[in-house]
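The values are calculated or read from the model by the stated rules, or taken from the named source; none is laboratory data. Keep in mind that this is a model prediction, so the values were computed, not measured. Every residue, glycine as well, gets a Cβ built from its backbone with ideal geometry; the counts of neighbours run over all protein chains shown. For the accessible areas, the whole protein counts, side chains as well, though only heavy atoms, and no ligand, DNA or RNA atoms are used. Shrake-Rupley method; radii C 1.70, N 1.55, O 1.52, S 1.80 Å.
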Amino acid sequence: MAHRRDEPPMSGSEPPMSGSEPPQLLIIRPSNLFRAHQDGFSAKFNVLKAYESPLPTETFLREHAQSAKAILCFKGSPITGDLLRHLPSLGLVVTSGTGVNHIDLAACRRRGILVANTADVFSVDTADYAVGLLIAVMRKISSGDRFVRRRLWSLSHEEFPLGFKLRDKRVGIVGLGNIGSKVAKRLDAFGCKISYNSRSQKPRVPYNFCPTPHELASQSDILLICCPLTEDTRHMINNDVMNALGEEGVIVNIGRGAIIEEDALVKHLVARRIAGAALDVFENEPRVPVELFEMDNVVLSPHRGSYTKEGYFDAFRIVVENLESFFLNKPLVSPVRIEE
Ligand code: NAP
C-alpha cells in the first residue's frame, strides 16, 4: 500500500493538485470520516455538498453535478443504479470504510466506474473491538456497569451473576479475512480454540476449517461474524445455525447486521435457546429490536467497531490517495475488485 505512518501529515497548505482548479468531489451525505477531516478534503478538492443545498438531491445533481467525476460515500448514503444514472461523468466511487454492500457494484461495472474502499486500515481496531465485545458479554462487563450505576450493588442483596471464562472456549470465526484473522490471533493468545469458515480453506493457517457455518456452529461455543454482507451471506446465520450453536452458545457480530436473520436471533435470545450476543451491527440500523434493550446477556453497540481517531486519520489518507491517483490517471491504491 502506498501510504506510510512516518510520512508527514497532509496539510491544508499543500497545493491541491497539479493544474489550476481543484477537481470536484461530490458528497451526497457526509460520513463521519468526512466530517472529521472536512478541512483536509476541502483543501484538496472542490467539494460539492449536495446535503447543504435546499434542492432535492436529483435536482441538485442535474443542475450542479453533471461534470462530477468522483463521489465519496459511506454505508448511510447508498450508491444505487438510479443515482448513477444522474451522474453521467462519474468515474470513481470511493467509500469511507471497508464494506461495499451499499454500492451497486454491478451498475458500476456496467458503466466502467471504478470503486475504492479504505482497504484494511480499520481491521486492527475492528478486531480489537470484536474481542472487547466478546469479553464484555462473557464477563458481563456492561451489565455489571449497569448494576453499579443503578445503585444495585450497594442496595440489593442479590449477588451479581457469574460470568464465563474465555480460556479454552471454542471460537468459530465466520470470515477469516483481514479482520477475522486478527481476531483469531488475539483469541489464540487468550487460550481459545479457533475454527473458521470462509469461502476457501486457508492452507497456511493453523486453525480448523469448517466448510459450512452450520458445521462451524455445531463445533463452537462462540460464533464470531467477520465476513462481508453479500447475496451469499445475507441471513446466512439462520435458525438452523443458531440451533447448532446451542443454548450455551454466544454470537458476536461485527460484520453486518443482515448476515444474521435478526428476527430468529431475537427469538433465540428471548427463548434462551442461545446464551447471549454482542452486536455492533444490526439489520436496519440505527433501529435495534426493542426486545434486546432489556436483556442483560446482550451487549449492544452503535456500529463503532472501526471508530478510532488514528484509524480515521489513516482512512482519510487512503481516501485522498485514491482520489488523487484517480485524478492523475494512476492506479488506485485500494481498488475494490468487482466480481463478474
Ligand atoms: P476481507 O478481508 O475481505 O475478509 C472477508 C472474509 O469473509 C474472507 O475470509 C472471505 O472468505 C469471507 N467470506 C466472504 N464470503 C463468504 C461466505 N459466503 N461465507 C463465508 N465466508 C465468506 O474483509 P474484512 O476487512 O475482514 O472485513 C469484513 C467485513 O467486516 C466488511 O465487509 C465489513 O462489512 C465489516 N466491517 C465492519 C466494521 C465495523 O465497524 N463493525 C468495520 C470494518 C469492517 P475468503 O477468504 O475465502 O474469500
> Within the group Val47, Val93, which residue is open to solvent by less than 40 Å² (accessible area, probe 1.4 Å), in contact with a strand residue (DSSP E or B) (Cβ under 6 Å, 6 or more places away or on another chain) and farther than 25 Å from Ala106 by Cα?
Replying inline: Val47
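State all residues of the range 192-208 that are more than 10 Å from the ligand (Cβ to nearest atom), more than 10 Å from Val174 (Cα to Cα) and not β-branched (Val, Ile, Thr); if no residue qualifies, say none.
Initially, the range 192-208 is screened for residues more than 10 Å from the ligand (Cβ to nearest atom), giving 192-195, 203-208.
Subsequent filtering for residues that are more than 10 Å from Val174 (Cα to Cα) retains 192-194, 203-208.
Of everything in the range 192-208, those that are more than 10 Å from the ligand (Cβ to nearest atom), more than 10 Å from Val174 (Cα to Cα) and not β-branched (Val, Ile, Thr) turn out to be Cys192, Lys193, Pro203, Arg204, Pro206, Tyr207, Asn208.
Going by the conditions given, is Val137 in contact with a Cys (Cβ under 9 Å, 6 or more places away or on another chain), touching a residue at least 60 places away in the same chain (Cβ under 8 Å) and outside any loop (DSSP other than H, G, I, E, B)? Walk me through how you get there before you give the answer.
Working: in contact with a Cys (Cβ under 9 Å, 6 or more places away or on another chain): no; touching a residue at least 60 places away in the same chain (Cβ under 8 Å): yes; outside any loop (DSSP other than H, G, I, E, B): yes.
No: the conditions fail for Val137.
Can you name the residue in the range 261-299 that is β-branched (Val, Ile, Thr) and in contact (Cβ under 8 Å) with a residue 40 or more places away in the chain and is also surrounded by the most Cβ atoms within 10 Å (Cβ to Cβ) among such residues?
Step one: filter the range 261-299 for residues β-branched (Val, Ile, Thr), giving 266, 270, 274, 281, 288, 290, 298-299.
Those left that are additionally in contact (Cβ under 8 Å) with a residue 40 or more places away in the chain: 298-299.
Working: Val298: 23, Val299: 25.
Among residues in the range 261-299 that are β-branched (Val, Ile, Thr) and in contact (Cβ under 8 Å) with a residue 40 or more places away in the chain, the one surrounded by the most Cβ atoms within 10 Å (Cβ to Cβ) is Val299.
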> Of the residues that make up the range 310-324, is at least one in the same structural domain as Arg170 (by TED's automatic domain parsing) and of a type in the set (S, T, N, Q)?
Replying inline: no
>> Can you tell me how many residues within the range 300-316 are more than 13 Å from the ligand (Cβ to nearest atom) and either surrounded by 19 or more Cβ atoms within 10 Å (Cβ to Cβ) or in a loop (DSSP other than H, G, I, E, B) (or both)?
In response: 1
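Mind checking which helices (runs of 4 or more DSSP H) fall wholly inside the range 147-262 and carry at least 3 residues that are within 19 Å of Val298 (Cα to Cα)?
Working: elements: 152-155, 178-189, 213-218, 239-245.
Qualifying helices (runs of 4 or more DSSP H): 239-245.
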>> Among the numbered criteria (1) open to solvent by 30 Å² or more (accessible area, probe 1.4 Å); (2) at pLDDT 95 or above, which one does Ile113 miss?
In response: (1)
> Which is open to solvent by 30 Å² or more (accessible area, probe 1.4 Å), in contact (Cβ under 8 Å) with a residue 24 or more places away in the chain and of a type in the set (A, V, I, L, M), of Met242, Met236?
Replying inline: Met236
>> Please go through the range 212-227 and give me each residue that is surrounded by fewer than 16 Cβ atoms within 10 Å (Cβ to Cβ) and either closer than 13 Å to Leu176 by Cβ or more than 10 Å from the ligand (Cβ to nearest atom) (or both), ordered by number.
In response: Gln219
>> Where the second residue is near the ligand (Cβ under 8 Å from one of its atoms) and of a type outside the set (Gly, Ala, Ser) and the first is assigned by TED's automatic domain parsing to the domain that holds Ile222 and within 15 Å of Ile225 (Cβ to Cβ) and lies in the range 192-206, which pairs have Cβ atoms under 7 Å and are six or more apart or on separate chains?
In response: Tyr196/Leu176; Asn197/Val174; Asn197/Pro213; Ser198/Leu176
> So which residues in the range 168-191 are in contact with a helix residue (DSSP H, G or I) (Cβ under 6 Å, 6 or more places away or on another chain) and either of a type in the set (Ser, Thr, Tyr) or away from the ligand (no atom under 13 Å from the Cβ) (or both), if there are any at all?
Replying inline: Val171, Arg186
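Output the residues belonging to the range 272-292 that are closer than 21 Å to Ile222 by Cα and part of a helix (DSSP H, G or I). Break it down into steps so the answer makes sense when it comes.
Step one: filter the range 272-292 for residues closer than 21 Å to Ile222 by Cα, giving 272-283, 292.
Within the range 272-292, Leu292 is the sole residue that qualifies.
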> If you go through the range 99-158, how many residues are assigned by TED's automatic domain parsing to the domain that holds Asp296 and away from the ligand (no atom under 16 Å from the Cβ)?
Replying inline: 22
